[in-house]
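**Q** This structure is in structure tokens; I'll ask about it shortly.
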Amino acid sequence: MKRQLPFKLLAAIGATCGIALINAPLVGHAGDAPASFHASPDVYKVLAENDDMRVVLATWAPGKKDVSHSHPTAAVYTIKDCHARITTADGKVREVNNKAGAARINPPVASHTFENIGLNECQQVLVEKRR
């Protein structure tokens with residue numbers, strides 16, 4: 001049986017994609033580490049892609065830390081609250097609290113890890129520009 005996403009989620013993802021296309025016309029990629037879905041295929045699942053865009057579902061169980069990776073310019077929509085620790089290649093650490101329903105556009109992100117330090121599953125959709 002094919003899994004259906006709720007209409008509100010699809011609308012939010014669509015709006016986020018539109019914002020990404022309007023506000024990020026130039027693509028950059030922080031290619032100093034593998035793409036997320038190559039580095040941690042257990043966390044990052046490619047849902048759809050074409051020559052221009054890639055849609056990735058990221059799911060971290062409590063305590064899960066992914067492998068060091070990078071991202072191109074991307075719109076990010078948080079499906080389930082994410083309390084996480086991000087560690088960059090130079091050892092800098094920061095905590096983030098991304099709330100469900102929040103959307104943002106990220107520039108290219110260099111090598112980093114993302115660790116779910118919350119008590120619940122964390123989930124986000126990334127809409128990445130490919131070129």
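The values are calculated or read from the model by the stated rules, or taken from the named source; none is laboratory data. Model, not experiment: these values are computed from the prediction. Heads up, the Cβs are rebuilt from the backbone with ideal geometry, glycines too, and the neighbour counts pull from every protein chain shown.
**Q** Give the number of residues within segment 42-98 that are over 11 Å from Val127 (Cα atoms), basic (Lys, Arg) and either modelled with pLDDT under 95 or under 13 Å from the mean Cα position of the chain (by Cα) (or both).
**A** 2
**Q** Run down Asn120, Asn97 and say which single residue is exposed (fewer than 15 other Cβ atoms within 10 Å of the Cβ), at negative phi and not in a strand (DSSP E or B). I'd like the intermediate steps shown before the answer.
**A** Details: Asn97 fails: not in a strand (DSSP E or B).
On inspection, the qualifying residue turns out to be Asn120.
**Q** Do we find a residue being closer than 16 Å to Ser40 by Cα and in contact with a Leu (Cβ under 9 Å, 6 or more places away or on another chain) anywhere in segment 110-123?
**A** Within segment 110-123, one or more residues are closer than 16 Å to Ser40 by Cα and in contact with a Leu (Cβ under 9 Å, 6 or more places away or on another chain).
**Q** Report, by residue number, each residue of segment 50-86 that is in contact (Cβ under 8 Å) with a residue 60 or more places away in the chain and within 18 Å of Ile105 (Cα to Cα).
**A** Across segment 50-86, the qualifying residues are Asp52, Met53, Arg54, Val55, Val56, Leu57, Ala58, Val76, Tyr77, Ile79.
**Q** Those residues that are in a strand (DSSP E or B) and surrounded by fewer than 16 Cβ atoms within 10 Å (Cβ to Cβ), I need them from segment 33-45; list them, please. Let's see the steps before the verdict.
**A** Just the residues of segment 33-45 that are in a strand (DSSP E or B), to begin with: 35, 44-45.
Lys45, the sole residue that qualifies.
**Q** Got a number for residues in segment 79-93 being part of a strand (DSSP E or B) and farther than 23 Å from Pro34 by Cβ? Don't jump to the end; show me each part of the working.
**A** At the first step, the residues of segment 79-93 found to be part of a strand (DSSP E or B) are 79-80, 82-88, 93.
Now drop any that are not farther than 23 Å from Pro34 by Cβ, which leaves 79-80, 83.
Matching residues across segment 79-93 total 3.
**Q** Is it true that Val67 is out of contact with any Gly (no Cβ under 7 Å at 6 or more places or on another chain), on the phi < 0 side of the Ramachandran plot and not in a loop (DSSP other than H, G, I, E, B)?
**A** Answer is no for this residue.
**Q** Next up: Just to verify a result, which residue in segment 41-61, among those that are in contact with a strand residue (DSSP E or B) (Cβ under 6 Å, 6 or more places away or on another chain) and of a type outside the set (A, V, I, L, M, F, W, C), is farthest from Ile79 (Cα to Cα)?
**A** Among those that are in contact with a strand residue (DSSP E or B) (Cβ under 6 Å, 6 or more places away or on another chain) and of a type outside the set (A, V, I, L, M, F, W, C), it is Arg54.
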